[in-house]
Structures are given as C-alpha cells and as structure tokens.
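This report refers to the structure that appears directly beneath it.
The values are calculated or read from the model by the stated rules, or taken from the named source; none is laboratory data. Everything numeric here is computed off the predicted structure, so don't read it as measured data. Note that we place each Cβ from the backbone using ideal geometry, even for glycine, and neighbour counts take in every protein chain shown.
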C-alpha cells in the first residue's frame, strides 16, 4: 500500500519491540498497524509492574523496569532566553531550535553551524542539482521519500517518552522531524530492485532540537548477495559531534568513521558500533553506550530508555528503510533493550501529529509536483506554524 502523495510504503515498519510475553498486547502498538503514513512504530508497551506479594505467577512477568529521570536543562551557561547574537538568532529562527540555549558558544561557531546546515538544506532539496550527491540511480529508490519516512520515525520516538507533558514532547518532536539530513547515499538493486537491494551505503546527520549546536553522525552499511556464501554483512555506526566540528567548507564530511591503512572505513575514536553482522554472526552494543549519547544530544541523563535510544538511532540511520533483508540483525542486536517505566509507543499522539502535518502541508502547498522542495525545511512546517508556543 503506497501513500499517493509521497510514494512510500505505509505498512513498512522497523521499530523494535521487546520480546513477546504472555500478556495482552496493546493493539495500538501492533506491527500490523498501518495507520501512519510514514510506517508504524511497533514498539510494544513496557512490562507491567509486579505488585508486592503478588505471588510466583506475577513474578514470572520479569523484573521491574527502571525509572526515567526528568530532564532539568539547567546547567551552568544554559538559558531559556534566546541569545541575541547574529548567527545564533538566525539558527534558532531557521531551524526552530528550542531552549535550553548554550550561551557559552561564540557566534563564530554558530556562523559555521548556520553555513553548514544551510548547505545541507540545499543538498536535501528534491529536484535540485545539488541533491545528486545523495541520489543513487543504481539503488533505484526515492531518497526523499525515505528521508520523510525516517524523519517521521525519529520524531515518533519522543511521543511515548516519560516525564514530559504532551506539549513539551510535541515541541521537541516537531523540531526533530526537520533535523535529519542525508550526507551520502549509494546502493544497487542487482538482487531484485527496491524490495531487496544488494547493497546500501547510507550516511545521515541528525541535529539536536535544542540550542546546543550538537549532532549525531550515522553510518549504515548493508550488503547481501544471494546464493553467494560469505557475502552477507551489515554494520551501523553512530558518532557524536559538537558544534566546533561543523565544517561549512565540507558540510557532508562524516566524522563517525575514519579510514584504515587499506582505505576501509572503521568507527572513529568516539563512535559506537550499534550492531555488526557478518553472515550468521551478529554483535550488538550495550545499553550504557546507547544512553551515553543522551548527555551530548539532548543535554539530559536517564530520560530515554536504551530501547527508545536504539529505535531513535535506527530511525535516524534509515535502517530497514530500503526494504533490505536485515530485520533479523536489527532484532537480534536490540532485543535485550527495555523501556523505562511510563514509556510507550505514543501511537495516539503520533497519529494525531501526522494527520495535522499532512493536512497543513496540503493546505499550504497542495500536491507535491516537480518543483524544488527542501525536505528538512518542509518537515519543520508544524514547528514553524506553532513557534509562538515555544
């Protein structure tokens, strides 16, 4: 089933759900739910808590889930007031950056951030000449439909977060929706087209929704040559990035990976290999390494669970967005992660937000045609429309 406006599959899901248990499932978190035009989040609800004295049957449901910590965002040098320096103000306005704002960052760094991200806006503009850098004819898939769907799934991870009220979660998700960019994409469809590509090499960047100037670099590789032993492998690497690493001269430069002596890419010094598959062998990272990204990216600690982080990173890395045969790898590497207490898939808020976005986009722009469209800027439509709520 295909969305007639955007061309992406409305039933293709990728979010990991916890292991199946013998309890009633939340129907809103069903993998068969196709209500979301960007692909349904099939995170299942967390385990029910075991009441004291409930007996052995209740105890069999598993250990208590950890509690989420409410973000405070009150560190030294951070402010809820917008900085008035030229490029900090331009960045906040153009990309709907939310408080807290790091007032210790010099405006020269915000200028570099502004120039770099503006260049990526141009590259991630559909039908533009500069977009050729992220469009792979050999892969035979629509880069911008993939970007729209992945961006929606990134935003969706926030809807079911704990501790924050609906208004705060909505503001963060609306800015996140327009904060994802392709920096590189190549692949080929020799094994049967878009339903099962042979190779995908993707690099993306996700900017923080807050005025911190930080971002994440995500590198996803997949290769599967059918009927050829030893040609099934995949890896997914994520690296942190501070504002001083912004590079307007080379905005697509990826710092998450470096090249070894044989010109092969490997994780950089501070990067994390989220998963690694080589034929039947699958390795995955730890919960601690996943949640370590939170301090730099969200300016918080203990807010999102390892499972939320795993799903957010996979969404931002466009993992499984190409219909590649890699679901077992993603599941095996992530099945050990759990929600925090109070977290959910957030399906109701997700559906509501997607409906509002689709309606607003149609009202303002009508059907998508052959005109140039900056996809990240278009995806900030809700954030810009309701910027007075910040």
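Taking the criterion of being within 20 Å of residue 183 (Cα to Cα) and either assigned to a loop (DSSP other than H, G, I, E, B) or in contact (Cβ under 8 Å) with a residue 12 or more places away in the chain (or both), the residues of the range 256-268 that qualify are 256, 257, 263, 264, 265, 267, 268.
Regarding residue 343, is this residue within 22 Å of residue 162 (Cα to Cα), buried (at least 21 other Cβ atoms within 10 Å of the Cβ) and out of contact with any strand residue (DSSP E or B) (no Cβ under 9 Å at 6 or more places or on another chain)? Please lay out each step first, then the result.
Numbers: within 22 Å of residue 162 (Cα to Cα): yes; buried (at least 21 other Cβ atoms within 10 Å of the Cβ): yes; out of contact with any strand residue (DSSP E or B) (no Cβ under 9 Å at 6 or more places or on another chain): yes.
The answer is yes for residue 343.
Residue-level check: of (1) farther than 29 Å from residue 78 by Cα; (2) touching a strand residue (DSSP E or B) at 6+ places or on another chain (Cβ under 7 Å), residue 226 misses just (2).
Within the range 131-152, residues that are surrounded by 20 or more Cβ atoms within 10 Å (Cβ to Cβ) have Cβ atoms under 6 Å from residues that are part of a helix (DSSP H, G or I) and modelled with pLDDT under 95 in these pairs: 141/194, counting only partners at least 6 apart in sequence or on another chain.
Helices (runs of 4 or more DSSP H) wholly in the range 269-362 with at least 2 residues that are over 22 Å from residue 205 (Cα atoms) - which ones?
Working: elements: 287-291, 293-297, 306-316, 327-334.
Correct list: 327-334.
If the condition is being over 20 Å from the mean Cα position of the chain (by Cα) and either surrounded by 14 or more Cβ atoms within 10 Å (Cβ to Cβ) or at positive phi (or both), then the range 248-257 contributes only 248.
If you go through the range 76-93 one residue at a time, how many are touching a strand residue (DSSP E or B) at 6+ places or on another chain (Cβ under 8 Å) and loosely packed, with under 12 Cβ neighbours inside 10 Å? Write out each step before concluding.
From the range 76-93, those touching a strand residue (DSSP E or B) at 6+ places or on another chain (Cβ under 8 Å) are 77-83, 88, 91-92; that's our starting set.
Of the ones still in play, those that are also loosely packed, with under 12 Cβ neighbours inside 10 Å are 77, 81.
Adding up the residues that qualify gives 2.
Can you name the residue in the range 275-286 that is surrounded by 17 or more Cβ atoms within 10 Å (Cβ to Cβ) and touching a helix residue (DSSP H, G or I) at 6+ places or on another chain (Cβ under 6 Å) and is also nearest to residue 209 (Cα to Cα) among such residues?
Just the residues of the range 275-286 that are surrounded by 17 or more Cβ atoms within 10 Å (Cβ to Cβ), to begin with: 275-277, 284-285.
Okay, now just the ones that are also touching a helix residue (DSSP H, G or I) at 6+ places or on another chain (Cβ under 6 Å), so 275, 277, 284.
Working: 275: 25, 277: 31, 284: 27 Å.
My answer is 275.
Filter the range 177-197 down to residues that are buried (at least 22 other Cβ atoms within 10 Å of the Cβ) and either in contact with a strand residue (DSSP E or B) (Cβ under 8 Å, 6 or more places away or on another chain) or at pLDDT below 95 (or both), then give me how many there are.
7
Total residues in the range 211-238 satisfying the condition of being assigned to a strand (DSSP E or B) and crowded, with 22+ Cβ neighbours inside 10 Å: the figure is 12. Scanning the range 363-390 for residues that are part of a loop (DSSP other than H, G, I, E, B) and modelled with pLDDT under 95 returns 366, 367, 368, 369, 370, 371, 372, 386, 390.
Condition test on residue 168, is it within 15 Å of residue 298 (Cα to Cα), free of Cβ contacts under 8 Å to residues at least 12 places away in the same chain and more than 15 Å from the chain's Cα centre (by Cα)? Write out each step before concluding.
Working: within 15 Å of residue 298 (Cα to Cα): yes; free of Cβ contacts under 8 Å to residues at least 12 places away in the same chain: yes; more than 15 Å from the chain's Cα centre (by Cα): yes.
Answer is yes for this residue.
For the range 296-339, the candidate set comprises residues that are at positive phi and surrounded by fewer than 21 Cβ atoms within 10 Å (Cβ to Cβ); within that set, the residue that is modelled with the lowest pLDDT is 323.
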